[in-house]
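Quick notes on the structure that follows.
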Amino acid sequence: MSEEPRDEPAVPSHPLTYSRTMAERLVFGAPFDRTARDAALAQELRSGILTLPPHRAWRMPASITWRENPYREPNWVAQLHMLRWLDPLRRRALAGDVELLDTWWDIAGSWIRSNPPGRGRATYSWADMVEAARALTLAFALPALEDHRPQHVPTILDSLREHGEWLVDPRHIRTGNHALQQHQGLLVIGAVLERPEWIELAVERSSAMLMTSYDDQGVNEEGAVQYHQINYMWWNNLGRRVEIATGSTPETFRRVRRAPLAMAHATRPDGRYELIGDTEEFTPRNLGHPAIDWVASAGEQGIPPQDRVAVLDAGYVFGRSTWGDEHTPFDAAAFYSARFGPQDRIHGHVDGMALTLWAGGESLLVDSGKFAYDATDEHRRHLLSREAHNSVSVDGLAYDRTTRVELTLQRRHDAHEHFRFEDRGYRGVTLTRDLVISLELGVALVVDAFASEHEVTVHQWWHLHPDAGHRVEEHGLLAQTSANRMHLGWPAGTPRPRVTKGTTDPMQGWFSPSWRNIRPTRTVDVRTEGTRGRVVTALTFGPDSTPVSVDAVTDSEDGAVVVHLGRTGGTPLTIAISPRDSLLAVGHHAVEDTSKILD
């Protein structure tokens, strides 16, 4: 089936046996569970049609060369070499259509002959995670092959030995969920080939990895909300396999159990995760946890978390007006998120200090989204960048992704929350953001300050909902959809904001809700220059929001910034931000009075 094949050995390089019991008991998880589409998928493969979601269908050649990449997608090539897509053939063979094993063998045997360890036909042939996923596919087919095509068992066993030896070598082990899959692959190979030293090594590596992959709050290291759920499911599958293979699960696996609470906090009022990091529009569900049941059912089932606001040490702030009660249903809540912490996470973005905002049933300030994993794609590069997030960037300086953005202050009051972030990711520049937000009043104040060793141009970015239009007003700007409004206001003297939508030179004004789905969206840019300065932005939001004006910004003698906000048709507000706390009061109050409260 493949050009220049290796001769298939009549017998393996040394005698091998396997545990049928382990090969049968370890078969579970999304790629290997029976589905309603198994018969259709198996028939497609038999007829030469391969579909690797989210990519479109591809007609396989009579002989696969294993160099194919019809869509110029690294993800597609990786999936091709994982061979997980063969498993519907195994499942249907077990249901009685035994001849499908011939198709399985034609393809799997072709891959084995064409891709010796470390010398495969494609870059991804023996890539990290790819080799581990493939090992599970080969191991789980052994019982069916033994019963119906026993002549192929020795070749599969010998290939599994090669995969095991490859995974034992620490030079091949990577990080993040790729390492997780590699440890799982070695565990399964060790259990099936009855190699206890491989099982022990896999469990030892997994336990050590868990101590850094999850913190005490149950937050995963990946830097993307969707990957919190994916890793939760993968780690639970690995823990279950460890228990089957060894009779118990190490205590370290208990860290994973805390994850669903954090995932519930990261869920918007529409029941979908906020698009932080490499996250697509994705709904949490079927995790067997009451907090996830609550957010997945819009408060109809389960139990909500106890806290309305969560500050997670890994770098996330999540807040909402309510989890749902007799006055306000779950899906009518307002919600926000803010980011801090390490900026070099595996699936994270350069999104320090970034804010997202939800009110009135939709996103008002959006995160960038994932789009794809192709590092050469210009949209992908942009969506990873600071300029693609509701944060601050500095012209002409590269951002140091080893930076940790610090949360230096957090205060929670009855009607508002206050967070202060500090970012030194641009060399010679210190950025500080104060966020004061009240979901109860539908108002937020953002004060972005900078101090630089040399003159710089600083941009404050606001990325609007892709369906939002905008109108420049006397005191600021209105962003509006058919059912929602958000007003942005700036004090007198602030440079006029620029609005960009879907440009490529420079790249700006783009949003990606799902794989390879890119949408133009309006982006508001407020820029300033100098060695020291600040941008003060007030926001009012929700279907009934009214225009906001920043009437005055005063620096008090005790170091506080006092901002007086006017609201058309509403009572003015006074917000004071001191070095240690903040105040939000209805009405226009004197600077000295705010100092007395904050003293």
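Could you rank the peptides 502-508, 346-352 by their average count of other C-beta atoms within 10 Å per residue, with the highest value first? Walk me through the numbers on the way to the answer.
Values: 502-508: 13.1, 346-352: 24.6.
The most tightly packed comes first, giving 346-352, 502-508.
For the peptides 327-337, 361-371, 213-223, what is the packing order when you average, over each peptide's residues, the other Cβ atoms within 10 Å and list the highest mean first? Mind showing how you got there, number by number?
Values: 327-337: 18.5, 361-371: 24.4, 213-223: 21.1.
Those peptides, ordered most packed to least, come out 361-371, 213-223, 327-337.
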Report Rg (one decimal) and Dmax (nearest whole number) for segment 87-226, counting Cα atoms only, units Å. 16.5, 51
Chain lengthening between residue 297 and residue 557 when straightened (0.36 nm per residue, less Cα-Cα): 88.5 nm
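Accessible area of the chain with a 1.4 Å probe: how many percent of it is carbon plus sulfur? Walk me through the numbers on the way to the answer.
Working: 11520 of 24400 Å².
Using a 1.4 Å probe with all protein chains present, the chain comes out at 47 percent carbon and sulfur.
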Quick calc of log₁₀ I(q)/I(0), segment 499-561, Debye, one scatterer on every Cα, no solvent, q values 0.24 1/Å, result -1.10
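Stretch residue 207-residue 544 to full length: gain in nm at 0.36 nm per residue minus the Cα-Cα span?
Numbers: separation 337, 0.36 × 337 = 121.32 nm, distance 5.15 nm.
Difference between extended and current length: 116.2 nm.
How high is the relative contact order of segment 252-293? Use alpha-carbon pairs under 8 Å, at least six apart in sequence, and give a whole percent. All intermediate terms of the calculation are to be shown ahead of the outcome.
Values: 36 pairs, mean separation 14.2, N = 42.
RCO, segment 252-293: 34 percent.
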Obtain the nm distance between the two label points defined at residue 375 and residue 254 by a simple spin-label model: each point lies 7 Å from its Cα along the Cα-to-C-beta direction. 3.9 nm
Within segment 124-215, DSSP-loop trypsin sites (Lys or Arg not before Pro) with at most 14 other C-beta atoms within 10 Å are 174
If I model a spin label as a point 7 Å beyond the Cα along the Cα-Cβ vector, how far apart are those points for residue 325 and residue 483 in nm? 2.4 nm
In whole Hz, with x marking every Gly and Pro, tabulate ³J(HN,Hα) for segment 427-432 from phi via Karplus 6.51 cos²θ - 1.76 cosθ + 1.60, θ = phi - 60°. 4, x, 10, 10, 9, 10
20 Å reach of a label modelled at residue 412, 7 Å along Cα-to-Cβ, counting backbone N of segment 431-449: 434-445
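For every helix of n ≥ 4 consecutive DSSP H residues, a contribution of -39,500 (n - 2.57) applies; sum these over the chain, divide by its total residues, and give [θ] at 222 nm rounded to the nearest 500 deg cm²/dmol. List each step's numbers first, then the result.
On the way: 15 runs with 167 residues, N = 599.
Computed ellipticity for the chain at 222 nm equals -8500 deg cm²/dmol.
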With the contact rule set at Cα under 8 Å and sequence spacing of 6 or more, what percent relative contact order holds for the chain? 8 percent
Expressed in nanometres to one decimal, the distance between label points 7 Å along Cα→Cβ at residue 21 and residue 397 is 6.3 nm
For residue 545, residues with placed amide H under 5 Å, excluding near neighbours: 485
For segment 148-210, listing GluC sites (Glu not before Pro) in a DSSP loop whose Cβ sees at most 16 other Cβ atoms within 10 Å gives 194
Provide the FRET efficiency to the nearest 0.05 for the residue 178-residue 514 pair, computing r from the beta carbons and using R0 = 30 Å. 0.85
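Grab the beta carbon distance between residue 282 and residue 39, set R0 = 25 Å, and tell me the FRET efficiency rounded to 0.05. Could you put the intermediate results ahead of the total?
Values: r = 28 Å, r/R0 = 1.11.
E(calc), rounded to 0.05, equals 0.35.
The values are calculated or read from the model by the stated rules, or taken from the named source; none is laboratory data. The structure presented is a predicted model; accordingly, all values stated were derived computationally and were not measured. Reconstructed Cβ throughout: ideal geometry from the backbone, glycine too, with neighbour counts over all protein chains shown. Quick note on the areas: whole protein, heavy atoms, side chains included, nothing else; ligands and nucleic acids left out. Shrake-Rupley method; radii C 1.70, N 1.55, O 1.52, S 1.80 Å.
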